[in-house]
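Only one structure is covered here, and it is reproduced in the block below.
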Amino acid sequence: MNISKTKEFVSRHLAILEPVFFFTALYLFVLLVIEPELIYYASGRVIYYYPFVMDGRFLYDCLTTVGGPVNYIASFLDQCFYFSWIGALIITVIGWLFWLLSKKAFAVTKSKCITEIGFLFAILLTAAYASYNGHQLLIALSLLAVFAAFVIYLWIDLSKSFFAALLFLVEFACLYYLIGGAVFIFGLLVVFYELLVKKHIGLTGGIFAVLALYYAGVHSGNFSEIPPFCLMYIPPFLILLLIALYKYRSNRTVRKKTRPSKNRLIKTFYLFVLILRKLIPYGLILFIFCAVFNNRAKSLLQIWSYAEKQQWQKILECAKRYPESQYNIFFNYDINRALYYTGRLGDDMFSYHQHPFALLLSIPDSGSPADASKKLCRKAQKVDILMELGYLGHARRLASEALELANGCPYLAKKLALIYLAEEQNETARVYLGALSKDLIYGRFARDLLLRLEKDPQLTDYEPVQSLRRVAVQKDYVGDYALGNIFAPLLQRNSHNKMAFEYMMATYLLMGQVEKIALNISRMNELEYNKMPRHYQEAMLVYAALRQQRFGEKINLRGLSISPETIKRFQEYNATGRKAQLRYSKSKNPEMIRQQLAKDFGDTYMFYLNFELTRVEK
Amino acid sequence: MKSFYRYFWLTVAIGVTAVCSSCNKKIPLESCTQVSRPADISPDYSDTVIPPNVAPLNFRILETGESFFVRISSSHVSPVEVYSRNANIRIPLRKWKALLRENKGDKLSFDVFVYDSANGWRRYMPILNDIACEPIDSFLVYRFIRPIYDYWTSMRIYQRNIENYKNSLVLEGRFAKVGCINCHSFCNNSPQTMSIATRSAKHGNASLVVHDGNLNKISSTWGYTAWHPSGKLAVYSMNKVRQLVHTTGLELRDVFDLDSAISYYRLDEKAAKTIKEMSDKDRLETYPAWSPDGTYLYYCSAPILWEDRDKTPPDNFDKVQYDLMRISYDVDKDQWGKPEIVLSTNETGMSILLPRISPDGRFLVFAMCDYSCFPIYRPSSDLYIMDLETNSYQKLDAVSSPYSESWHSWSSNSRWLAFSSKRMGGFFTRTYFTYINEDGKASKPFVLPQKDPTYYDSLIQTYSVPELIKQPVAVSARRFSKTACSTRDAANLPVTCATPIIPSSSKPSENDRK
């Protein structure tokens, strides 16, 4: 076969295959590693929620507002992240469109530049999502529109300044309506293009004056929600710079006909450079994975998504994979809920790292502005446990505050609807369900529930509401409650409130209050336990040992069904502890004792009491 | 290509014909089954009195059917007919206006017809309303927020044209980087003289004051504000507000003033002053309201029932009840008289709040509730009317509901009252209107009409503090925002003195809202 034809065949197919391969790899990376569904669950919890309503009025408001169209599209696409595969597709398609535009930009300006630079936007967009800092679609779509308008400007390429200025103004006006304040970036691109490439000084000055007027008169009205700077702004300017450099070089260099070099070393070098160019985008993706990817945020979001779907076992599996040193209070909170719903809270809670504040997210509010997103997160998350325990009023309050802070995020409206239904305030619940019925994701749930409410206003067969009614506190009181008092009203209201009982016992365990465990252990009789949970057994053994030690009092544990295995383990713990103390007493390093015991007894209550509780107190 | 265009225009013609034929559907009125009750509609626009200049009362028919037809008629002018394939009835604006304009003082009838394939057309008994002779002020200014507790993100004040559905922004807190915007107040139902209070961590607390069209910023926090009819001064309260939350109940929020007092600001002197005669440190004063002739300032006053003025909740907070008071004033001499009790809690057994006097000086409408200073959070709150000629008062029964009614505003012709009510379920505040006749009798209220009949079914925001005004607010939202963010202070008040210094005998509290 003819070598030149082979080369042509390879380069033509490479030109097609390269982007296919790159964008397929990108799609799979986003889908499998980033999991766009998690971004959806982060919205309204830790990242800003962009509301979208399937409503003619909302569409009308967007179409009649500057920047409204891009807001509408971005908000709509944000909802689609609920399905990971669609979210990954959206990110890939946006990246692909930018790459197409960059290719067009090089083609219309007849610039032979590194086409791989077109992948940079997709890479930066992916990097932005990999940090789980927020939705990027508003920025990405705005920049896409800006770049598309710029490419049109390049493509039309009017030589006369007057017509070029006219074209600029028309595009500027259209873009301003479509994307709002981001139009400023388009203005800058055109200014630099006219200055660096076309060298139309007069036109540049004119456009610059328009931009300055716009900035002073209009832009300060804040018609844009995109930040003053972000990394994604770089690719359009980089492409413009490459075009400018190419034009500069091609104008200065006299073109000589060069024969293809027969030097093997040079050929190898160019081949190496070519391969390197092709591999750089993939290298950047790997770099993102290593440097920018926020694994901690991802794990937390995974847990939230599982909690929302009530996939409790998956939460525990996720928790096992995650290093304990990076646990945070929100992690713990959902792990404990998962333990409760899998019937293991009393048996296995100390198999996971615990913090006393995590059980009920009882974190004091620092009042600092930087604490704002944590405040939202805390309020939004705490709603669930308050609902499940029976404090519907407090749950309602927190959900309303979180709804306000989260810009009307629908999952909070859903919780409010359920709370109001449980409190038999059907009319108010209908309004929340009415609002929710216009949401893309929650709409079906809301419409179904409204129909059910029509047929049966009491919702007698609807378990999510009935379960709330069974435990809801009826007695009113005013003011906050101390952690220790929270459970008494719940158990007074319903002594069969198993969650209240187990959380109360968990609180006492976490606070080291073994005497209160002993005081309340008899409540188990009302709750149909098959056996006493392991940690309660351990706590009773600790209690008995302490009473013996401090007061010489011997506590009879015979009626309490403490298993022989637990007793044996308790004795082994004490024996091992004494040995370890003897061994390490000279070094006076309690950490050595802790490590010795952690191996075999790290999941026991005794270990927590002796080593973990003191750490927390510090 | 020619055949393509031919088929295209044929399709368009068929479509237009189909649409027109559905519009001009003939209802076989003679063969309708009569139903011996009026149709259920939402919102409830039945047996009420409506202003002749109100926007169409679009509604949804709550009867099961496949097609719906409504004929709206009165004595003069052809009826307005609306046919719909769904239950939402949207009345054409121009025809509606013509109908009302020509039938002032007359009855308005809604004949509702519903069709289903099993029973054919059913005709319900007509829904009747009265068209008043007196129009309502054309604009309503209100605050639009979600139900909130301690935190909020964006508050907006809008003005709505009551004669159509146009809504425009007066001020949005987010653009001005302000935390809270509230207490919009107008002089004589006119936006030529008005004020809006703002609170911002970044730009400080201030009042944006429009006087004769000029906008200024005054670095003083005005609470509940009442403009003197002359426009020369504004009286405002300063409230140390606290909120607490109950565990259960329809309304969880409870608000009280740990302390409060009333001051005033004279525009000619650009000075804030206190009213020595009213500044009792052992009493709470709030909710100022002027008589139309400007000779009396009405306000609410209650004894402070707790010793610890910082404790939350304070002792006996659920026993605080306000008296209705008034004090005379000479605007030219800037002199105040002595406070007098107009209506005491000893007589009513309830807390008397929010006095507002009709512009013709005849009636005073106020809210009463079991306790508290914040009636919107008390389901027991209802509106009462006092005849200032006889000083007798009665409950506005037609307006009352099991839920809170409060925050009322008179129209400039003293015939209409706009007020806030939570009657739609008990939680969300909506704006209602009622007609008050010469004898002080109120009509059944109706909710502010919307273009979309189902608007309120999914609205999780509230309409609060409705104020009726005659013309639209001329100052743009942008100007308000810029002024709120500016550092220029028209009052030249000392920076350290957000509230004026009071003589030692009595001391008001600083306005302190979260």
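The values are calculated or read from the model by the stated rules, or taken from the named source; none is laboratory data. Everything numeric here is computed off the predicted structure, so don't read it as measured data. Neighbour counts are summed over all protein chains in view; Cβ atoms, including those assigned to glycine, are modelled from backbone coordinates with ideal geometry.
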Where the second residue is part of a loop (DSSP other than H, G, I, E, B) and among the aromatic types (F, W, Y) and the first is in contact (Cβ under 8 Å) with a residue 40 or more places away in the chain and lies in the stretch B:416-432, which pairs have Cβ atoms under 6 Å and are six or more apart or on separate chains?
B:K422/B:Y403; B:G426/B:Y403
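So that you can scan it fast, the table gives a plain yes or no per residue for (1) among the aliphatic types (A, V, I, L, M); (2) in contact (Cβ under 8 Å) with a residue 24 or more places away in the chain:
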| site | (1), (2) |
| --- | --- |
| B:A234 | yes, yes |
| B:L244 | yes, yes |
| B:G249 | no, no |
| B:I262 | yes, yes |
| B:Y265 | no, yes |
| B:T274 | no, yes |
| B:S301 | no, yes |
| B:L305 | yes, no |
| B:T312 | no, yes |
Out of all the residues in the stretch B:433-478, which are of a type in the set (D, E, K, R), under 22 Å from B:S414 (Cβ atoms) and not in a loop (DSSP other than H, G, I, E, B)?
B:E467
Please work out which one of (1) under 27 Å from B:F256 (Cα atoms); (2) touching a Cys at 6+ places or on another chain (Cβ under 7 Å); (3) not in a loop (DSSP other than H, G, I, E, B) is the condition B:H203 fails and give its number.
(3)
Just to be sure I understand, how many residues within the stretch A:391-435 are over 12 Å from B:P147 (Cβ atoms), within 25 Å of the chain's Cα centre (by Cα), assigned to a helix (DSSP H, G or I) and more than 8 Å from chain B (Cβ to nearest Cβ)?
10
Name the single residue, out of those in the stretch A:45-57 being assigned to a loop (DSSP other than H, G, I, E, B) and within 12 Å of chain B (Cβ to nearest Cβ), that is farthest from A:F330 (Cα to Cα).
A:D55
Test A:E528 against the criterion of being surrounded by fewer than 16 Cβ atoms within 10 Å (Cβ to Cβ) and on the phi > 0 side of the Ramachandran plot, and give yes or no.
yes
Kindly indicate which of B:A302, B:A289 is of a type in the set (A, V, I, L, M, F, W, C), crowded, with 18+ Cβ neighbours inside 10 Å and either touching a Leu at 6+ places or on another chain (Cβ under 6 Å) or more than 17 Å from B:M194 (Cα to Cα) (or both).
B:A302
For residues in the stretch A:438-450 being more than 7 Å from chain B (Cβ to nearest Cβ) and within 25 Å of the chain's Cα centre (by Cα), which is farthest from A:K379 (Cα to Cα)?
A:R444
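Can you list the strands (runs of 3 or more DSSP E) found entirely within the stretch B:122-180 that contain at least 1 residues being more than 14 Å from every other protein chain (Cβ to nearest Cβ) and modelled with pLDDT of 95 or more?
Passing ranges, in order: B:127-131, B:139-145, B:156-161.
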Any residue at all in the stretch A:455-476 that is more than 35 Å from the chain's Cα centre (by Cα) and under 30 Å from A:G559 (Cα atoms)?
no
Please count how many residues of the stretch B:238-287 are within 14 Å of chain A (Cβ to nearest Cβ) and in a strand (DSSP E or B).
9
Quickly run through the stretch B:332-376 and pick out the residues that are in contact (Cβ under 8 Å) with a residue 40 or more places away in the chain, surrounded by fewer than 19 Cβ atoms within 10 Å (Cβ to Cβ) and under 26 Å from the mean Cα position of the chain (by Cα).
B:P359, B:D360, B:G361, B:R362
B:L388 surrounded by 22 or more Cβ atoms within 10 Å (Cβ to Cβ) and hydrophobic (A, V, I, L, M, F, W, C):
no
Look through B:P38, B:P56, B:P52 and report the one residue that is under 30 Å from B:R160 (Cβ atoms), touching a Phe, Trp or Tyr at 6+ places or on another chain (Cβ under 8 Å), at pLDDT 95 or above and surrounded by 19 or more Cβ atoms within 10 Å (Cβ to Cβ).
B:P56
Any idea which of B:S404, B:S420, B:S412 is surrounded by fewer than 24 Cβ atoms within 10 Å (Cβ to Cβ) and either polar (S, T, N, Q) or touching a helix residue (DSSP H, G or I) at 6+ places or on another chain (Cβ under 8 Å) (or both)?
B:S412
Subset of the stretch B:366-387 [at pLDDT 95 or above, in contact with a Phe, Trp or Tyr (Cβ under 7 Å, 6 or more places away or on another chain) and within 26 Å of B:E277 (Cβ to Cβ)]
B:F366, B:M368, B:M386
All but one of (1) surrounded by fewer than 15 Cβ atoms within 10 Å (Cβ to Cβ); (2) in a loop (DSSP other than H, G, I, E, B); (3) at pLDDT 95 or above hold for B:S75; which doesn't?
(3)
Is at least one residue of the stretch A:143-152 touching a Lys or Arg at 6+ places or on another chain (Cβ under 7 Å), assigned to a helix (DSSP H, G or I) and among the hydrophobic types (A, V, I, L, M, F, W, C)?
yes
Taking B:S230 as the residue in question, decide whether it is closer than 15 Å to B:C183 by Cα and of a type outside the set (A, V, I, L, M, F, W, C).
no
Enumerate the helices (runs of 4 or more DSSP H) found wholly within the stretch A:273-352, keeping only those where 2 or more residues are at pLDDT 85 or above and under 24 Å from A:F29 (Cβ atoms).
A:295-308, A:312-321
Failed condition for A:Q492, given (1) under 23 Å from A:Y333 (Cα atoms); (2) part of a helix (DSSP H, G or I); (3) within 14 Å of chain B (Cβ to nearest Cβ), with all others met?
(1)
Can you tell me which residues in the stretch A:458-474 are in a loop (DSSP other than H, G, I, E, B), away from every other protein chain (no Cβ under 14 Å) and within 11 Å of A:E424 (Cβ to Cβ)?
A:Q458, A:L459
Among (1) part of a helix (DSSP H, G or I); (2) surrounded by 21 or more Cβ atoms within 10 Å (Cβ to Cβ); (3) within 35 Å of the chain's Cα centre (by Cα), where does A:F168 come up short?
(3)
